Structures are given as structure tokens and as C-alpha cells.
1. Pull out the extension gain between Tyr129 and Ile189, defined as 0.36 nm times the separation in residues minus the alpha carbon to alpha carbon distance; nm, one decimal.
2. Count charges around Gly179 for me, please; just the other residues with Cβ under 15 Å from its Cβ, Lys/Arg as +1, Asp/Glu as -1.
3. Relative to the longest principal Cα axis of the chain, at what angle does helix 141-166 sit, 0 to 90 degrees, rounded to 10?
4. Measuring with a 1.4 Å probe in the full set of protein chains, what accessible area per residue, in whole Å², belongs to segment 71-148?
5. Which values, in whole Å and largest first, are the semi-axes of the equivalent ellipsoid of the chain obtained as the square root of 5 times each eigenvalue of the Cα gyration tensor?
6. Could you please state, rounded to a whole Å, how far the C-alpha centre of segment 92-128 is from the C-alpha centre of segment 192-266?
7. Full-extension gain between Phe20 and Asp165, please, as 0.36 nm times their residue separation minus the C-alpha to C-alpha distance.
8. Going by a ≥ b ≥ c, the root eigenvalues of the Cα gyration tensor, does segment 1-148 fall in the rounded group (a/c under 1.5), the prolate group (a/b larger than b/c) or the oblate group?
Amino acid sequence: MKMIKRKDFKKLLIYLAVIFILAIALFPIYWMVLSSFKSSPRLMVMPPKFLPINLELDNYKKIFSVSKYLIFFRNSVIVSLGTVGICLVTSVLAGYSFSRFKVPGKNFAMTGILSIQMFPVVAILLSLYTFYIKFHLLNTYLGLMLADTTFALPLCIWLLKSFFDTIPRSLDEAACIDGCGRMKTLIVIILPLLKPGLLAVGIYTFILSWDDFLFSLIIMNQDNMKTLPVGIAQSFMGELGYDYGGMMTLSVIASVPILLVFIFLQRYMIAGLTKGAVKE
């Protein structure tokens, strides 16, 4: 009897520890959502009110009535989806080539590709900015898509190569015997088997592009081309005061697409990451 009670007591301690850690992790999200229903003066009251009392919708009405906030949202959607498209096409072709062809110095090339992510963004911004001025890519969707692609692509190539390695080469050989070329084999035979990997790469790229701040800050310096992270940072912080309520409201709206991605596609992403992690 004492043994059972001791085990129950240990389980209780574990559950309490998990609940405590979870509460700490979720409290910033709770406070962000709660703050979006309060005006800035109410948010500055001391001591702060942590219970959802006397909530207001004024911040949401303000956000949806001002066109520039919707423009920020539109720009983020266009850039994120465009970056996903570029990364998927490029990483599929690169991953298939590295997996199927005997390329001299392949291991060195793969290591070099992944080492790109070792460099901080700030280190390449100056040269990138000069390059973009010369080729008129500043304040263009394509310019920001290419910038986001440079940091998302290395991991995407490595991930998809591991997926291609798990697919038997006999499928390629059988397709070749049936008269399929390399491209037709890739599109018709291989890609349908690669859905978990494609989803994992797409989700990773979308999140990375959606959350990008530094590239967006430098490349998109016109108000009508700013994305949500830059728009949130610059629209509610002034010299004389901050609109914390509006900032939190737009932050909640910006978090909705990421939340939906995790709700509906989380199992596909986990399956994609784990399935491609082991070569059979």
C-alpha cells in the first residue's frame, strides 16, 4: 500500500512539474491574446490584471478598418507562399540530383551548402543590399523571396535528399525501361512517394519566411511593401508613446496562419521529418 502511494506521489509531482512548465511556456501567448482585448492605458495599470474582465474589441476594429495592416498581411502571404514554391522546386531538383547521380565532390558540395546557414544574416546584408540596388530588386516580392530562400534552401536540400535516398533506385530503373525520361520519372513516379517530405519542407519554409524580420526590414523599405513582422514593429512604436494594445492585436492576427499550419499539418510534418531521418 505504501509502495502504491509512493508511486502515485511521484506521478503527482511529475504532473505538477509538467503543468508548471507548460504554464510558463503558454503565459506569454495568453498575455498577448488578453492584451489584444484591452486598450493601452488599461494595459499600463499597476498591478496588472491577469483575468479576462471587461474585454473590448476596439483594437480589432481598428486593425481591420486600416488598410495598411491588411497590406502587411497580404505582403507576408505573397512572400511566404512564393518562397515555399521556389524552395520546393529547387530543393526537389537538387536533392534528386545529389541522391541519384555520382557527382565529383558531392559530399564537399553538400557540406558547403549546409554551411551557408552558419553565417549570420547581418554578415551578408551589406553586399546583398548593394547587389539588390544594382539589379533593382529592392521593394520587390521576388527580391525578398530570393533572400528568404538562401537561408531556407540548405536544410530543404538535405532533408529531401534523405527522402530520395529512402526510395529504391529500382523504381527509376523500371521507369527507364518503360520509356520514361529522368524528369518524367521524377514527377510521375518519385514525387507522389515524397509527399511527407514535401509537406515538411513546405511548412518549414513557410514558417521561416513568415517570421523573417531582418531581410524584410532592409529589402522592403516602402510602407506598401512591408511584411507583418516589420509592420508590427514600426506601426505601434513612436517617439512619444507605444500602442501596446494594437501591437498585441496585430501579433495575434499574424500568429493565426502559423497556428492553423500546426493544427492541420503538424502530423504530416512530424511524419516527414522522422520518415526521412533513417535510410532504409
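The values are calculated or read from the model by the stated rules, or taken from the named source; none is laboratory data. Note that the structure is a prediction, hence the values are computed from the model and not measured. No Cβ is skipped: glycine too gets one built from the backbone with ideal geometry, and neighbour counts run over all protein chains shown. When the accessible area is computed, the model is the full protein with side chains, heavy atoms only, and any ligands, DNA or RNA have been set aside. Shrake-Rupley method; radii C 1.70, N 1.55, O 1.52, S 1.80 Å.
1. 17.5 nm
2. Working: positive: Arg182, Lys184; negative: Asp172, Glu173, Asp178.
Summing Lys and Arg as +1 and Asp and Glu as -1 gives -1.
3. 60 degrees
4. Computed with neighbouring chains in place, this is 56 Å² per residue.
5. Each semi-axis is √(5λ); the values are 41, 31, 17 Å.
6. Taking the Cα centre of each part, segment 92-128 and segment 192-266 sit 26 Å apart.
7. Separation in residues times 0.36 nm, less the Cα-Cα distance, equals 48.0 nm.
8. Numbers: a/c = 3.03, a/b = 1.32, b/c = 2.28.
Verdict is oblate for segment 1-148.
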